[in-house]
1. Please determine whether any residue of the range 248-255 is part of a loop (DSSP other than H, G, I, E, B) and within 21 Å of SER176 (Cα to Cα).
2. Exactly one of (1) under 28 Å from THR206 (Cβ atoms); (2) open to solvent by less than 60 Å² (accessible area, probe 1.4 Å); (3) within 13 Å of the chain's Cα centre (by Cα) is unmet by SER114. Its number?
3. Just to verify a result, which residue in the range 211-244, among those that are among the small types (Gly, Ala, Ser) and assigned to a loop (DSSP other than H, G, I, E, B), is nearest to TYR354 (Cα to Cα)?
4. Restricting the range 335-370 to residues that are in contact with a strand residue (DSSP E or B) (Cβ under 7 Å, 6 or more places away or on another chain) and of a type in the set (Gly, Ala, Ser), which is nearest to PHE265 (Cα to Cα)?
5. Go through the range 232-245 and report how many residues are out of contact with any Lys or Arg (no Cβ under 7 Å at 6 or more places or on another chain) and either at positive phi or at pLDDT 90 or above (or both).
6. I'd like to check something: does the range 279-301 contain any residue that is closer than 17 Å to PHE372 by Cα, open to solvent by 80 Å² or more (accessible area, probe 1.4 Å) and hydrophobic (A, V, I, L, M, F, W, C)?
7. How many of the residues in the range 156-171 are over 18 Å from SER112 (Cα atoms) and either of a type in the set (D, E, K, R) or over 15 Å from the mean Cα position of the chain (by Cα) (or both)?
Amino acid sequence: MNPDDHREQLIDMLLREHVGSETPPDVRSRVLEALQSDQRVAAGARPSFAQRRIVALPKRSIAGPLKAIAALIMLVAAALGLLHFQNIADERTPQLGSVEGRITGELHSGKSLSTGPDSSAELVYSDGTRVTLGPESAISIPELGLSDRSKVLEIHRGALTASVAPQPSGFPMEFSALHAKAVVVGTELSFRTDASATRLEVTEGTVELHPGDGRAPIEVTTGRFAETDASMNSSSGDIITLPDNRITGFVLMNADTDQPIDPTFLTDGQTLSLSSLPTRKLSLRADFAGDRPFNVAFETVRKDGRPSGIKLEHPQHRPPYFVTGDHSQEQRPADCRPWTPAPGTYRFTARPTYSKGGAVVAEATLTLELTFVP
(Lines give C-alpha, C1' and ligand atoms only; values in the text may rest on other atoms or scores of the structure.)
Protein backbone atom coordinates (compact mmCIF):
# COMPACT_ATOMS: atom_id res chain seq x y z
CA MET A 1 0.00 0.00 0.00
CA ASN A 2 1.23 3.49 -0.82
CA PRO A 3 2.47 5.15 2.40
CA ASP A 4 0.45 8.23 1.59
CA ASP A 5 -2.74 6.10 1.29
CA HIS A 6 -1.95 4.37 4.58
CA ARG A 7 -1.43 7.72 6.25
CA GLU A 8 -4.74 9.02 4.95
CA GLN A 9 -6.57 5.91 6.28
CA LEU A 10 -5.06 6.45 9.72
CA ILE A 11 -6.09 10.10 9.60
CA ASP A 12 -9.65 9.11 8.68
CA MET A 13 -9.82 6.59 11.58
CA LEU A 14 -8.56 9.14 14.09
CA LEU A 15 -11.01 11.76 12.87
CA ARG A 16 -13.94 9.32 13.18
CA GLU A 17 -12.93 8.45 16.74
CA HIS A 18 -12.54 12.03 17.94
CA VAL A 19 -14.92 13.98 15.71
CA GLY A 20 -17.49 11.52 14.44
CA SER A 21 -18.45 9.74 11.31
CA GLU A 22 -19.20 13.00 9.47
CA THR A 23 -15.84 14.79 9.16
CA PRO A 24 -15.93 18.19 7.40
CA PRO A 25 -13.69 18.15 4.26
CA ASP A 26 -11.77 21.27 5.24
CA VAL A 27 -10.76 19.66 8.54
CA ARG A 28 -9.40 16.61 6.76
CA SER A 29 -7.40 18.71 4.29
CA ARG A 30 -5.99 20.88 7.04
CA VAL A 31 -4.82 17.82 8.94
CA LEU A 32 -3.11 16.46 5.81
CA GLU A 33 -1.37 19.79 5.17
CA ALA A 34 -0.15 19.87 8.77
CA LEU A 35 1.30 16.38 8.44
CA GLN A 36 3.00 17.25 5.16
CA SER A 37 4.49 20.32 6.83
CA ASP A 38 5.85 18.15 9.63
CA GLN A 39 7.39 15.86 7.07
CA ARG A 40 9.16 18.76 5.46
CA VAL A 41 10.51 19.78 8.83
CA ALA A 42 11.77 16.30 9.40
CA ALA A 43 13.44 16.42 5.97
CA GLY A 44 15.28 19.64 6.86
CA ALA A 45 12.95 22.04 5.06
CA ARG A 46 11.85 24.20 7.93
CA PRO A 47 8.56 25.94 7.07
CA SER A 48 8.14 29.65 7.48
CA PHE A 49 6.04 31.03 10.29
CA ALA A 50 3.27 31.75 7.83
CA GLN A 51 3.27 28.15 6.76
CA ARG A 52 2.83 26.87 10.26
CA ARG A 53 -0.74 26.04 11.13
CA ILE A 54 -2.37 24.77 14.25
CA VAL A 55 -5.12 22.27 13.62
CA ALA A 56 -7.76 22.10 16.37
CA LEU A 57 -9.82 18.94 16.28
CA PRO A 58 -13.44 19.57 17.26
CA LYS A 59 -14.50 17.84 20.50
CA ARG A 60 -17.89 16.43 21.41
CA SER A 61 -19.78 18.66 23.87
CA ILE A 62 -21.40 16.92 26.92
CA ALA A 63 -23.42 20.00 27.91
CA GLY A 64 -26.39 18.97 25.72
CA PRO A 65 -26.84 15.43 27.13
CA LEU A 66 -26.45 16.69 30.70
CA LYS A 67 -29.16 19.29 30.16
CA ALA A 68 -31.47 16.63 28.68
CA ILE A 69 -30.92 14.30 31.65
CA ALA A 70 -31.57 17.13 34.11
CA ALA A 71 -34.75 18.08 32.27
CA LEU A 72 -35.93 14.44 32.34
CA ILE A 73 -35.27 14.20 36.09
CA MET A 74 -37.24 17.39 36.68
CA LEU A 75 -40.12 16.09 34.54
CA VAL A 76 -40.27 12.79 36.46
CA ALA A 77 -40.14 14.63 39.80
CA ALA A 78 -42.96 16.95 38.71
CA ALA A 79 -45.06 13.98 37.59
CA LEU A 80 -44.50 12.16 40.89
CA GLY A 81 -45.35 15.31 42.83
CA LEU A 82 -48.52 15.81 40.81
CA LEU A 83 -49.52 12.17 41.40
CA HIS A 84 -48.86 12.57 45.15
CA PHE A 85 -51.03 15.68 45.43
CA GLN A 86 -53.75 14.05 43.31
CA ASN A 87 -53.80 11.06 45.69
CA ILE A 88 -54.21 13.45 48.64
CA ALA A 89 -57.08 15.22 46.88
CA ASP A 90 -58.75 11.87 46.14
CA GLU A 91 -58.40 10.77 49.80
CA ARG A 92 -60.13 13.85 51.20
CA THR A 93 -62.86 14.16 48.54
CA PRO A 94 -65.83 11.77 48.92
CA GLN A 95 -67.76 10.02 46.19
CA LEU A 96 -71.55 9.89 46.08
CA GLY A 97 -72.97 6.56 47.32
CA SER A 98 -76.64 5.68 47.68
CA VAL A 99 -79.17 8.48 47.17
CA GLU A 100 -82.85 8.74 48.05
CA GLY A 101 -85.05 11.56 46.82
CA ARG A 102 -83.67 14.78 45.36
CA ILE A 103 -80.17 16.21 45.78
CA THR A 104 -78.48 19.20 44.14
CA GLY A 105 -74.87 20.36 43.85
CA GLU A 106 -71.45 18.75 43.42
CA LEU A 107 -68.85 16.99 45.56
CA HIS A 108 -65.71 18.94 44.71
CA SER A 109 -63.37 21.28 46.53
CA GLY A 110 -65.08 24.64 46.90
CA LYS A 111 -68.50 23.20 45.91
CA SER A 112 -71.64 22.42 47.93
CA LEU A 113 -74.34 19.74 48.00
CA SER A 114 -77.84 19.75 49.52
CA THR A 115 -80.69 17.28 50.05
CA GLY A 116 -84.38 17.99 49.63
CA PRO A 117 -87.33 17.03 51.86
CA ASP A 118 -87.57 13.29 52.49
CA SER A 119 -84.17 12.87 50.81
CA SER A 120 -80.79 11.53 51.89
CA ALA A 121 -77.32 11.06 50.40
CA GLU A 122 -74.38 8.88 51.37
CA LEU A 123 -70.81 10.19 50.98
CA VAL A 124 -68.11 7.52 50.71
CA TYR A 125 -64.38 8.15 51.18
CA SER A 126 -61.56 5.95 49.86
CA ASP A 127 -60.56 4.85 53.41
CA GLY A 128 -64.07 3.50 54.15
CA THR A 129 -65.38 6.55 56.02
CA ARG A 130 -69.11 7.02 55.37
CA VAL A 131 -71.26 10.09 56.00
CA THR A 132 -75.05 10.09 55.53
CA LEU A 133 -76.83 13.40 55.08
CA GLY A 134 -80.40 13.64 56.32
CA PRO A 135 -83.31 15.53 54.71
CA GLU A 136 -82.97 19.27 54.03
CA SER A 137 -79.25 19.31 54.81
CA ALA A 138 -76.53 21.36 53.10
CA ILE A 139 -72.76 20.81 53.19
CA SER A 140 -69.72 22.11 51.32
CA ILE A 141 -66.10 20.97 50.87
CA PRO A 142 -63.62 23.79 51.62
CA GLU A 143 -60.48 24.38 49.58
CA LEU A 144 -57.37 23.15 51.43
CA GLY A 145 -53.62 23.22 50.85
CA LEU A 146 -52.14 20.70 48.42
CA SER A 147 -50.41 18.70 51.17
CA ASP A 148 -53.27 18.84 53.73
CA ARG A 149 -54.69 15.31 54.10
CA SER A 150 -57.53 16.36 56.43
CA LYS A 151 -61.13 15.51 55.54
CA VAL A 152 -63.27 18.58 56.22
CA LEU A 153 -67.00 19.08 55.74
CA GLU A 154 -68.74 22.38 56.40
CA ILE A 155 -72.33 21.78 57.54
CA HIS A 156 -74.55 24.77 56.83
CA ARG A 157 -77.80 23.21 57.99
CA GLY A 158 -79.41 19.86 58.72
CA ALA A 159 -78.12 16.63 60.22
CA LEU A 160 -75.74 13.82 59.40
CA THR A 161 -74.46 10.54 60.80
CA ALA A 162 -70.91 9.33 60.24
CA SER A 163 -68.78 6.24 60.63
CA VAL A 164 -65.21 7.57 60.49
CA ALA A 165 -62.28 5.22 59.83
CA PRO A 166 -59.04 5.83 61.80
CA GLN A 167 -57.44 8.97 60.39
CA PRO A 168 -53.72 9.73 59.75
CA SER A 169 -51.81 11.20 62.68
CA GLY A 170 -52.08 14.97 62.64
CA PHE A 171 -54.90 15.00 60.08
CA PRO A 172 -58.24 14.35 61.88
CA MET A 173 -61.59 14.65 60.15
CA GLU A 174 -63.54 17.82 60.89
CA PHE A 175 -67.25 18.65 60.80
CA SER A 176 -67.47 22.42 60.93
CA ALA A 177 -70.62 24.47 61.62
CA LEU A 178 -71.52 28.01 62.62
CA HIS A 179 -71.31 27.52 66.39
CA ALA A 180 -68.69 24.76 66.72
CA LYS A 181 -66.67 22.09 64.97
CA ALA A 182 -66.16 18.40 65.75
CA VAL A 183 -62.64 16.98 65.45
CA VAL A 184 -62.69 13.23 64.80
CA VAL A 185 -59.87 10.69 64.72
CA GLY A 186 -62.16 7.69 64.15
CA THR A 187 -65.60 6.96 65.57
CA GLU A 188 -69.36 6.84 64.99
CA LEU A 189 -71.36 9.98 65.59
CA SER A 190 -74.27 12.19 64.64
CA PHE A 191 -73.96 15.92 64.04
CA ARG A 192 -76.67 18.47 63.39
CA THR A 193 -76.88 22.22 63.20
CA ASP A 194 -79.34 25.03 62.58
CA ALA A 195 -79.49 28.74 63.29
CA SER A 196 -79.95 28.20 67.03
CA ALA A 197 -77.41 25.51 67.98
CA THR A 198 -74.94 22.79 66.96
CA ARG A 199 -75.17 19.37 68.60
CA LEU A 200 -72.79 16.40 68.56
CA GLU A 201 -73.72 12.89 69.73
CA VAL A 202 -71.10 10.12 69.90
CA THR A 203 -72.22 6.53 69.42
CA GLU A 204 -68.74 5.02 69.66
CA GLY A 205 -65.29 6.48 70.32
CA THR A 206 -64.18 9.95 71.39
CA VAL A 207 -64.68 13.28 69.62
CA GLU A 208 -63.71 16.84 70.53
CA LEU A 209 -66.29 19.59 70.09
CA HIS A 210 -64.58 22.97 69.68
CA PRO A 211 -66.88 25.92 70.49
CA GLY A 212 -66.79 28.70 67.93
CA ASP A 213 -65.62 31.31 70.43
CA GLY A 214 -62.25 29.64 70.91
CA ARG A 215 -62.87 28.16 74.36
CA ALA A 216 -61.34 24.84 75.38
CA PRO A 217 -62.74 21.86 73.49
CA ILE A 218 -65.28 19.52 75.08
CA GLU A 219 -64.31 15.84 75.03
CA VAL A 220 -67.34 13.75 74.09
CA THR A 221 -67.14 10.00 74.68
CA THR A 222 -69.39 7.04 73.83
CA GLY A 223 -73.03 7.62 74.78
CA ARG A 224 -72.58 11.35 75.44
CA PHE A 225 -73.46 14.61 73.70
CA ALA A 226 -72.22 18.20 73.61
CA GLU A 227 -74.04 21.25 72.32
CA THR A 228 -73.20 24.90 71.68
CA ASP A 229 -75.91 27.47 70.95
CA ALA A 230 -75.92 30.79 69.11
CA SER A 231 -74.92 32.62 72.31
CA MET A 232 -71.94 30.26 72.68
CA ASN A 233 -73.42 28.60 75.74
CA SER A 234 -72.23 24.98 75.89
CA SER A 235 -73.71 21.92 77.56
CA SER A 236 -72.94 18.22 77.63
CA GLY A 237 -74.25 15.02 79.20
CA ASP A 238 -75.52 11.53 78.58
CA ILE A 239 -77.65 10.82 75.54
CA ILE A 240 -81.20 10.07 76.63
CA THR A 241 -82.96 7.68 74.29
CA LEU A 242 -86.69 8.25 74.35
CA PRO A 243 -89.08 5.43 73.41
CA ASP A 244 -90.50 5.49 69.91
CA ASN A 245 -94.05 6.27 70.99
CA ARG A 246 -96.52 5.63 68.20
CA ILE A 247 -99.46 3.62 66.92
CA THR A 248 -97.94 0.86 64.85
CA GLY A 249 -100.97 -0.54 63.01
CA PHE A 250 -104.53 -1.87 62.96
CA VAL A 251 -105.56 -5.52 63.46
CA LEU A 252 -108.93 -6.93 62.31
CA MET A 253 -110.84 -8.37 65.29
CA ASN A 254 -113.58 -10.98 65.68
CA ALA A 255 -116.02 -9.26 68.07
CA ASP A 256 -117.60 -12.59 68.94
CA THR A 257 -114.40 -14.01 70.38
CA ASP A 258 -112.48 -10.76 71.04
CA GLN A 259 -109.57 -12.36 69.18
CA PRO A 260 -107.74 -11.25 66.01
CA ILE A 261 -109.00 -12.77 62.77
CA ASP A 262 -105.50 -12.22 61.42
CA PRO A 263 -102.68 -11.07 63.76
CA THR A 264 -100.86 -9.21 60.97
CA PHE A 265 -101.51 -5.51 60.40
CA LEU A 266 -104.05 -4.44 57.82
CA THR A 267 -102.55 -2.51 54.88
CA ASP A 268 -103.71 0.88 53.69
CA GLY A 269 -106.09 0.50 50.73
CA GLN A 270 -106.81 -3.18 51.42
CA THR A 271 -110.10 -4.72 50.27
CA LEU A 272 -111.90 -7.30 52.47
CA SER A 273 -114.69 -9.63 51.38
CA LEU A 274 -117.32 -9.89 54.11
CA SER A 275 -118.43 -13.30 52.87
CA SER A 276 -114.91 -14.70 53.36
CA LEU A 277 -114.70 -13.66 57.03
CA PRO A 278 -115.65 -16.03 59.88
CA THR A 279 -118.09 -13.43 61.25
CA ARG A 280 -119.61 -10.10 60.31
CA LYS A 281 -119.30 -8.81 63.85
CA LEU A 282 -116.02 -6.98 63.57
CA SER A 283 -113.80 -4.37 65.15
CA LEU A 284 -110.28 -2.98 64.67
CA ARG A 285 -107.60 -2.85 67.35
CA ALA A 286 -104.89 -0.18 67.32
CA ASP A 287 -101.53 -1.52 68.56
CA PHE A 288 -98.77 0.73 69.86
CA ALA A 289 -94.99 0.82 70.45
CA GLY A 290 -93.03 2.54 73.21
CA ASP A 291 -94.78 3.96 76.24
CA ARG A 292 -98.44 3.23 76.76
CA PRO A 293 -100.54 6.14 75.50
CA PHE A 294 -102.38 8.28 78.01
CA ASN A 295 -105.40 7.73 75.76
CA VAL A 296 -106.30 7.02 72.13
CA ALA A 297 -109.11 8.74 70.26
CA PHE A 298 -110.66 7.21 67.12
CA GLU A 299 -112.53 8.60 64.17
CA THR A 300 -114.27 6.54 61.46
CA VAL A 301 -115.54 8.13 58.26
CA ARG A 302 -117.30 6.48 55.36
CA LYS A 303 -115.93 7.90 52.12
CA ASP A 304 -119.32 8.27 50.40
CA GLY A 305 -120.55 10.48 53.25
CA ARG A 306 -123.00 8.01 54.70
CA PRO A 307 -122.91 7.11 58.42
CA SER A 308 -120.17 4.68 59.35
CA GLY A 309 -122.30 2.80 61.85
CA ILE A 310 -119.71 3.33 64.60
CA LYS A 311 -120.72 5.54 67.48
CA LEU A 312 -118.15 8.18 68.31
CA GLU A 313 -116.68 7.07 71.62
CA HIS A 314 -114.70 9.03 74.19
CA PRO A 315 -110.91 8.52 74.10
CA GLN A 316 -109.94 5.17 75.56
CA HIS A 317 -107.55 5.26 78.51
CA ARG A 318 -106.45 1.65 78.73
CA PRO A 319 -105.43 -0.99 76.21
CA PRO A 320 -106.44 -2.75 74.15
CA TYR A 321 -107.66 0.20 72.06
CA PHE A 322 -110.63 -0.69 69.82
CA VAL A 323 -112.01 1.47 67.03
CA THR A 324 -115.53 0.48 68.02
CA GLY A 325 -114.95 0.97 71.74
CA ASP A 326 -115.01 -1.52 74.62
CA HIS A 327 -117.00 -2.38 77.71
CA SER A 328 -114.77 -0.62 80.24
CA GLN A 329 -117.73 0.71 82.18
CA GLU A 330 -118.79 -2.89 82.66
CA GLN A 331 -115.27 -3.83 83.74
CA ARG A 332 -114.63 -5.61 80.45
CA PRO A 333 -111.98 -3.48 78.71
CA ALA A 334 -110.77 -6.43 76.60
CA ASP A 335 -114.28 -6.98 75.22
CA CYS A 336 -114.69 -5.05 71.94
CA ARG A 337 -118.03 -3.74 70.79
CA PRO A 338 -119.27 -5.43 67.60
CA TRP A 339 -119.67 -3.59 64.29
CA THR A 340 -121.04 -4.94 61.02
CA PRO A 341 -119.82 -2.70 58.18
CA ALA A 342 -121.94 -2.00 55.15
CA PRO A 343 -120.10 -2.42 51.83
CA GLY A 344 -118.05 0.67 51.07
CA THR A 345 -114.74 2.40 51.77
CA TYR A 346 -113.91 3.64 55.27
CA ARG A 347 -111.12 5.78 56.71
CA PHE A 348 -110.02 4.97 60.27
CA THR A 349 -107.88 7.37 62.31
CA ALA A 350 -106.16 6.70 65.64
CA ARG A 351 -104.88 9.74 67.54
CA PRO A 352 -102.72 8.91 70.62
CA THR A 353 -101.74 11.31 73.39
CA TYR A 354 -99.06 10.90 76.06
CA SER A 355 -98.50 12.35 79.50
CA LYS A 356 -95.15 14.19 79.63
CA GLY A 357 -94.07 16.39 82.50
CA GLY A 358 -97.61 16.74 83.80
CA ALA A 359 -98.96 17.76 80.37
CA VAL A 360 -100.88 15.70 77.83
CA VAL A 361 -99.10 15.84 74.46
CA ALA A 362 -100.60 14.64 71.17
CA GLU A 363 -98.42 12.45 68.95
CA ALA A 364 -98.65 11.54 65.27
CA THR A 365 -101.87 9.98 64.06
CA LEU A 366 -102.19 6.78 62.05
CA THR A 367 -104.75 6.54 59.25
CA LEU A 368 -106.00 3.46 57.39
CA GLU A 369 -108.42 3.06 54.48
CA LEU A 370 -110.33 -0.22 54.04
CA THR A 371 -112.88 -1.26 51.47
CA PHE A 372 -115.49 -3.87 52.38
CA VAL A 373 -117.23 -5.79 49.63
CA PRO A 374 -120.07 -8.35 49.98
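The values are calculated or read from the model by the stated rules, or taken from the named source; none is laboratory data. Only a predicted model underlies this, so the values are computations on that prediction, with no experimental measurement involved. We place every Cβ from the backbone using ideal geometry, glycine too, and count neighbours over all the protein chains shown. Protein only, heavy atoms only, side chains kept; ligands, DNA and RNA dropped before computing areas. Shrake-Rupley method; radii C 1.70, N 1.55, O 1.52, S 1.80 Å.
1. No, there is no match, as no residue in the range 248-255 is part of a loop (DSSP other than H, G, I, E, B) and within 21 Å of SER176 (Cα to Cα).
2. That leaves (1) as the condition not met.
3. Per the criteria, the residue is GLY223.
4. The residue in question is ALA350.
5. The total comes to 4.
6. no
7. Selection size over the range 156-171: 6.
Residue-wise test of (1) small (Gly, Ala, Ser); (2) under 16 Å from ARG130 (Cβ atoms); (3) under 17 Å from the mean Cα position of the chain (by Cα).
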{"residue": "ASP148", "(1), (2), (3)": "no, no, no"}
{"residue": "GLU154", "(1), (2), (3)": "no, no, yes"}
{"residue": "MET173", "(1), (2), (3)": "no, yes, yes"}
{"residue": "ALA180", "(1), (2), (3)": "yes, no, no"}
{"residue": "GLY186", "(1), (2), (3)": "yes, yes, yes"}
{"residue": "SER196", "(1), (2), (3)": "yes, no, no"}
